[in-house]
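Reading through the structure tokens given below for one structure.
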Amino acid sequence: MKIKITLSILLSLVLNISFGQTKEELEEQLKEKQAQADQYQAEADEIKAQIKALPGWRFGAFGTIGGSISQFNNWYAQGTPNNDAGNIGITFNAFANKIEDDYFWKNALNINLSWIKFDDRDDPSDDSDFRAATDVFNISSLYGYRLSETWAVSAFTEYRTTIIDNINDPGYLDIGTGMTWTPNSDLTVVIHPLNYNFVFSSGETEFESSLGAKIVGDYTKSFGKLNVKSNLSLFQSYEESNLSNWTWTNSLGYTIWKGIGVGFDFALRDNKQEAVNFALDDWDSTGSEPNFDNIDNDLQSFWTFGLSYKF
């Protein structure tokens, strides 16, 4: 019996020692493998950078989808106990760039759409359909002939409008020429002192086309699983400051699994012509007619948060 107890104790000690040694060995192996993985990842990133620097076409796209749907029945704690509500938002960013030693051609597309609904089922006159909340369509094309590694003489075209409710009403078309600065493959700055801003609209509106300067800054980069895009588009009219406008859009997408992740988009805009035209649509003719001098040109903004997908 004593021999069995002694053997059991010895066996237990041996097992504990072997398991302890195995854990330490595994941890050491893990460190070695992690160091190798980090080295291979650094080498892979370097190869990707070399591929990115080669002449030819580059394509990319990522977007965000956010939304929710809800229904309340006899929920008396709120003012409308019986309602259906929902919101859906979609953002899509894509680019197609041709990069050569002596020239480049960069094309970009940005779409941001969202719909909302709030149907009070106790109100027969209530609108039960989804309505447009955000409506942004922007496409641009930049051609540049290199004078040096970072500077190029360039021509730029940009078109902006809405596509859900009013296509090309208003619509903005910028066509201009000047210089473009590309300090690296991720940042592009367009400086065009000669640009004409065509504004399209129907009916009696305050929209006017004018000659001015165009400045565009675009930054697109991937930091591992994080995708970042920021674009500032500014037009400064030479004819009247009220005809100037700018829009700043930003998109962030973090990939979690097989291209799927979370995304956040937000934008700011200043456009006094749009503010006056909106005020004229709501004007009931009893007060002063809205114009550039008496309207509040509030800063426009939107944001969307939801699932994202990297193509």
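The values are calculated or read from the model by the stated rules, or taken from the named source; none is laboratory data. Note that the structure is a prediction, hence the values are computed from the model and not measured. Cβ atoms come from the backbone with ideal geometry, glycine included; neighbour counts cover every protein chain shown.
So is Gln36 at pLDDT below 85, in a helix (DSSP H, G or I) and either more than 24 Å from the chain's Cα centre (by Cα) or under 30 Å from Asn250 (Cβ atoms) (or both) or not? Steps first, please.
Details: at pLDDT below 85: yes; in a helix (DSSP H, G or I): yes; either more than 24 Å from the chain's Cα centre (by Cα) or under 30 Å from Asn250 (Cβ atoms) (or both): yes.
Here the answer is yes, as Gln36 does meet what is asked.
Among the numbered criteria (1) modelled with pLDDT under 95; (2) surrounded by fewer than 17 Cβ atoms within 10 Å (Cβ to Cβ); (3) farther than 18 Å from Arg58 by Cβ; (4) of a type outside the set (D, E, K, R), which single criterion is violated by Thr177?
For Thr177, the exception is condition (1).
Among the residues that make up the range 232-247, is at least one of them modelled with pLDDT under 90, touching a Gly at 6+ places or on another chain (Cβ under 9 Å) and within 23 Å of Ile139 (Cα to Cα)?
no
Can you tell me which residue is nearest to the chain's Cα centre (by Cα) among those in the range 253-274 that are crowded, with 19+ Cβ neighbours inside 10 Å and closer than 13 Å to Asn227 by Cβ?
Only one residue fits best here, namely Asp265.
Quick check on the range 88-99. Is at least one of its residues out of contact with any Cys (no Cβ under 7 Å at 6 or more places or on another chain), of a type outside the set (Gly, Ala, Ser), more than 18 Å from Thr220 (Cα to Cα) and exposed (fewer than 10 other Cβ atoms within 10 Å of the Cβ)? Write out each step before concluding.
If we filter the range 88-99 for residues that are out of contact with any Cys (no Cβ under 7 Å at 6 or more places or on another chain), which is where we start, we get 88-99.
Now narrow it down to the ones that are of a type outside the set (Gly, Ala, Ser): 88, 90-93, 95, 97-99.
From the residues that got through so far, the ones that are more than 18 Å from Thr220 (Cα to Cα) too are 88, 90.
Restricting the remaining residues to those that are exposed (fewer than 10 other Cβ atoms within 10 Å of the Cβ) gives none.
Checked the range 88-99: no residue is out of contact with any Cys (no Cβ under 7 Å at 6 or more places or on another chain), of a type outside the set (Gly, Ala, Ser), more than 18 Å from Thr220 (Cα to Cα) and exposed (fewer than 10 other Cβ atoms within 10 Å of the Cβ).
Residue check, Val189 against (1) out of contact with any Phe, Trp or Tyr (no Cβ under 7 Å at 6 or more places or on another chain); (2) free of Cβ contacts under 8 Å to residues at least 60 places away in the same chain, all met but one. Which one?
Of (1) out of contact with any Phe, Trp or Tyr (no Cβ under 7 Å at 6 or more places or on another chain); (2) free of Cβ contacts under 8 Å to residues at least 60 places away in the same chain, only one is false for Val189: (1).
Of all residues in the range 212-242, count the ones that are of a type in the set (A, V, I, L, M, F, W, C) and under 23 Å from Met179 (Cα atoms).
Of all residues in the range 212-242, those of a type in the set (A, V, I, L, M, F, W, C) come to 213, 215-216, 223, 226, 228, 232, 234-235.
Of the ones still in play, those that are also under 23 Å from Met179 (Cα atoms) are 213, 215-216, 232, 234-235.
Qualifying residue count, the range 212-242: 6.
Read through the list (1) surrounded by fewer than 14 Cβ atoms within 10 Å (Cβ to Cβ); (2) of a type outside the set (S, T, N, Q); (3) part of a strand (DSSP E or B); (4) modelled with pLDDT under 90, then give the number of the only condition that Ala77 fails.
Result: Ala77 fails condition (3) only.
Here is a yes/no grid of residues against (1) touching a strand residue (DSSP E or B) at 6+ places or on another chain (Cβ under 9 Å); (2) among the polar types (S, T, N, Q); (3) over 27 Å from Tyr196 (Cβ atoms):
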residue	(1), (2), (3)
Asn231	yes, yes, no
Phe235	yes, no, no
Tyr254	yes, no, yes
Trp257	no, no, yes
Gly263	yes, no, yes
Phe266	yes, no, yes
Asp282	no, no, yes
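Can you name every residue in the range 243-252 that is surrounded by 20 or more Cβ atoms within 10 Å (Cβ to Cβ) and within 8 Å of the chain's Cα centre (by Cα)?
Thr249, Ser251, listed by residue number.
Can you find a residue in the range 275-283 that is in contact (Cβ under 8 Å) with a residue 12 or more places away in the chain and among the aromatic types (Phe, Trp, Tyr)? Talk me through it step by step, then tell me what you get.
The first filter runs over the range 275-283 and keeps only residues in contact (Cβ under 8 Å) with a residue 12 or more places away in the chain, leaving 275-277, 279-280.
Narrowing the set further to residues that are among the aromatic types (Phe, Trp, Tyr) leaves none.
Among the residues of the range 275-283, not one is in contact (Cβ under 8 Å) with a residue 12 or more places away in the chain and among the aromatic types (Phe, Trp, Tyr), which makes the answer no.
Show the residue pairs meeting these rules: Cβ distance below 6 Å; 6+ apart or different chains; first residue within the range 130-142 and among the aromatic types (Phe, Trp, Tyr); second residue modelled with pLDDT under 90 and buried (at least 16 other Cβ atoms within 10 Å of the Cβ).
Phe130/Trp115; Phe130/Lys117
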